[in-house]
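The values are calculated or read from the model by the stated rules, or taken from the named source; none is laboratory data. For clarity, every value in this text was computed on a predicted model and none was experimentally measured. Using ideal geometry, Cβ is built from the backbone for each residue, glycine included, and neighbour counts are taken over all protein chains shown.
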Amino acid sequence: MKNLVIIPTYNEKENIASIIEKVMGLPSAFQVLVVDDGSPDGTADIVEGLMGKHPQRIHIQKRSGKLGLGTAYIHGFKWAIKNDFDYIIEMDADFSHNPLDLERLLAACENGADVSVGSRYVQGGQTENWPLDRKIYSLGGSAYTRIITGMPVKDPTAGFVCYKRKVLDEINFDTIQFIGYAFQIEMKFAAWKLGFKIKEVPITFVDRKIGVSKMSKGIIKEAIFGVLNMQWQSSTGRFIKLIKRIRVNF
């Protein structure tokens, strides 16, 4: 089985070498794909320097500018499918996701899940070093998403996720609209609507200690209105299908 960890980067020179080396040291022989959005701080150069140390296990895709988290992951997903990976995992570069948890996410998919989510909000999950306002935004956003969509995922905005290849084969990436937190929700929503099994694995999410957070008011706004839009489109799609069936029957 071929396992790939996708790490999107923009100005992560303080973290990228350390996070890659941690992944390289794990028992499951993960490969790493860094999708770098033209980092001016030399992140891509650091990755390319490591490629000679770990031949065939470290890869990089360089893009021309800061195009957004969602498009970076979709770029990585398409690359993973083209190169025949069986399990594809999203992970942040800043150690907010513990590389040791990669093994548990992979095991969940190897043992029946189609999608495994590193979750802060199931029993055993938690956050560290978060200010109160961010906890409120995150918990409130998760509850809001579950209420609006009905999706049974307690941490829908989580960005530490393992997908079986068959899930990504089924999702039409051209319909994925969002680039921030809403992207993470939209991918889980799409997998759930397609009938795939989602399992949440408890993790400890640690706020970044080095580098600059990519969080913004625009990302939060996208998530709020994106959830409404997803549910509306899903409901509208079901209504149109129903009308078509009625027309056929008559």
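I need the full set of residues from segment 49-71 which are out of contact with any Leu (no Cβ under 8 Å at 6 or more places or on another chain) and surrounded by 13 or more Cβ atoms within 10 Å (Cβ to Cβ), in order please. The answer is LEU50, MET51, HIS54, ARG57, LYS62, ARG63, LYS66, LEU67, GLY68, LEU69, GLY70, THR71.
Go through segment 5-28 and give me each residue that's of a type outside the set (A, V, I, L, M, F, W, C) and either farther than 19 Å from THR71 by Cβ or assigned to a loop (DSSP other than H, G, I, E, B) (or both).
TYR10, ASN11, GLU12, LYS13, GLU14, ASN15, SER18, GLU21, LYS22, GLY25, PRO27, SER28, listed by residue number.
Applying the criterion of being in a loop (DSSP other than H, G, I, E, B) and of a type in the set (Gly, Ala, Ser) to the residues of segment 34-51, the residue that is farthest from ILE185 (Cα to Cα) is GLY42.
Residue count for segment 59-83, restricted to those that are modelled with pLDDT of 95 or more, aliphatic (A, V, I, L, M) and either within 14 Å of THR43 (Cβ to Cβ) or in contact with a Phe, Trp or Tyr (Cβ under 7 Å, 6 or more places away or on another chain) (or both): 3. Close Cβ contacts (under 8 Å, 6 or more residues apart or on different chains) running from residues in segment 115-141 that are farther than 26 Å from VAL167 by Cβ to residues that are of a type in the set (Val, Ile, Thr) and modelled with pLDDT of 85 or more comprise GLN126/THR204; THR127/THR204; THR127/VAL206; GLU128/THR204; GLU128/VAL206; ASN129/VAL206; LYS135/THR127. Out of the residues in segment 147-172 meeting the condition of being touching a residue at least 40 places away in the same chain (Cβ under 8 Å) and charged (D, E, K, R), tell me which one is surrounded by the most Cβ atoms within 10 Å (Cβ to Cβ). It comes out as ASP155. Looking only at residues in segment 178-218 that are β-branched (Val, Ile, Thr), at pLDDT 70 or above and in a loop (DSSP other than H, G, I, E, B), the one that is farthest from LEU67 (Cα to Cα) is ILE203.
In the list ILE46, ILE20, ILE74, which residue meets the criterion of being more than 19 Å from GLY159 (Cα to Cα) and surrounded by 14 or more Cβ atoms within 10 Å (Cβ to Cβ)? Testing whether each residue is more than 19 Å from GLY159 (Cα to Cα) and surrounded by 14 or more Cβ atoms within 10 Å (Cβ to Cβ) leaves just ILE46.
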